[in-house]
Amino acid sequence: MINLLPDEEKRQLRAAHTNAVVIWYIILSFAGIVFLGGVLGVSYHTLSTQKTNEEAVTIQNKTKASNAYGQTQAQATQLASSLSEARTVLSNNVSYSKLLVDIAGDMPAGTILSELNVTSATIANPVALQFEATNNTVAQSLVTSLRADSSLFRTVTLSTMDSSGTVAGYPVAVQLQVTFNTEAVR
């Protein structure tokens, strides 16, 4: 092919061709920017959706944990009140077995305890004790022995002593009014 075009036109054609290539580069660059913008937009949307879901799960877990904590707190409060009640009961508790052993330790040979009506409500008040003895001398030593034990009894008063004993071999009946030392029976 013979190139008969003037130089000025040749330059214009080359410039047009170069302009066409530059336009294609601009269009491709713009398409690339739009594509990258779309990818970034989709990524942002996906990440924000995932963040929202994670925050919802976190709030739900915190709610469950606070509910469980609330139940545990209620149980702990109930246990504390139960322990407080138990402490109160135990501080007012009367050890009846200790009381009986201590009374038996003060009784001389030849005496038996025939009646004892004591409750935790009446322990601090005068209580009637009924004893049976083999004779008057043993009965007197019982009264003396019980009066001598100031750790167990605050007061010991002889109510009656007669020969109306109901147990065979123990003809002397002794009735005493005693007030227990409440510290000794707890």
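The values are calculated or read from the model by the stated rules, or taken from the named source; none is laboratory data. Note that the structure is a prediction, hence the values are computed from the model and not measured. Counting neighbours? That spans all protein chains shown, and the Cβs are built from the backbone with ideal geometry, glycine included.
Worth a mention:
- Restricting the stretch 113-134 to residues that are over 43 Å from the mean Cα position of the chain (by Cα) and of a type in the set (S, T, N, Q), the residue that is nearest to VAL101 (Cα to Cα): SER114
- Condition check for LEU129: hydrophobic (A, V, I, L, M, F, W, C) and surrounded by 17 or more Cβ atoms within 10 Å (Cβ to Cβ): yes
- Test: residue in the stretch 106-120 that is in a helix (DSSP H, G or I), in contact with a strand residue (DSSP E or B) (Cβ under 9 Å, 6 or more places away or on another chain), surrounded by fewer than 17 Cβ atoms within 10 Å (Cβ to Cβ) and of a type in the set (S, T, N, Q): no
- Selected residue (only one of GLN75, GLN130 is assigned to a helix (DSSP H, G or I), modelled with pLDDT of 85 or more and not hydroxyl-bearing (Ser, Thr, Tyr)): GLN75
- Scanning the stretch 161-185 for residues that are among the β-branched types (Val, Ile, Thr), at pLDDT 90 or above and surrounded by fewer than 18 Cβ atoms within 10 Å (Cβ to Cβ) yields a count of 0.
- Residue count for the stretch 138-181 under the criterion of being under 18 Å from LEU116 (Cβ atoms), among the acidic types (Asp, Glu) and part of a strand (DSSP E or B): the result is 0.
- Among residues that are surrounded by fewer than 16 Cβ atoms within 10 Å (Cβ to Cβ), in contact (Cβ under 8 Å) with a residue 40 or more places away in the chain and farther than 24 Å from SER97 by Cβ, THR137 is not included.
- Inclusion of ALA76 among residues that are within 50 Å of the chain's Cα centre (by Cα), of a type in the set (A, V, I, L, M) and outside the structural domain of THR137 (by TED's automatic domain parsing) is warranted.
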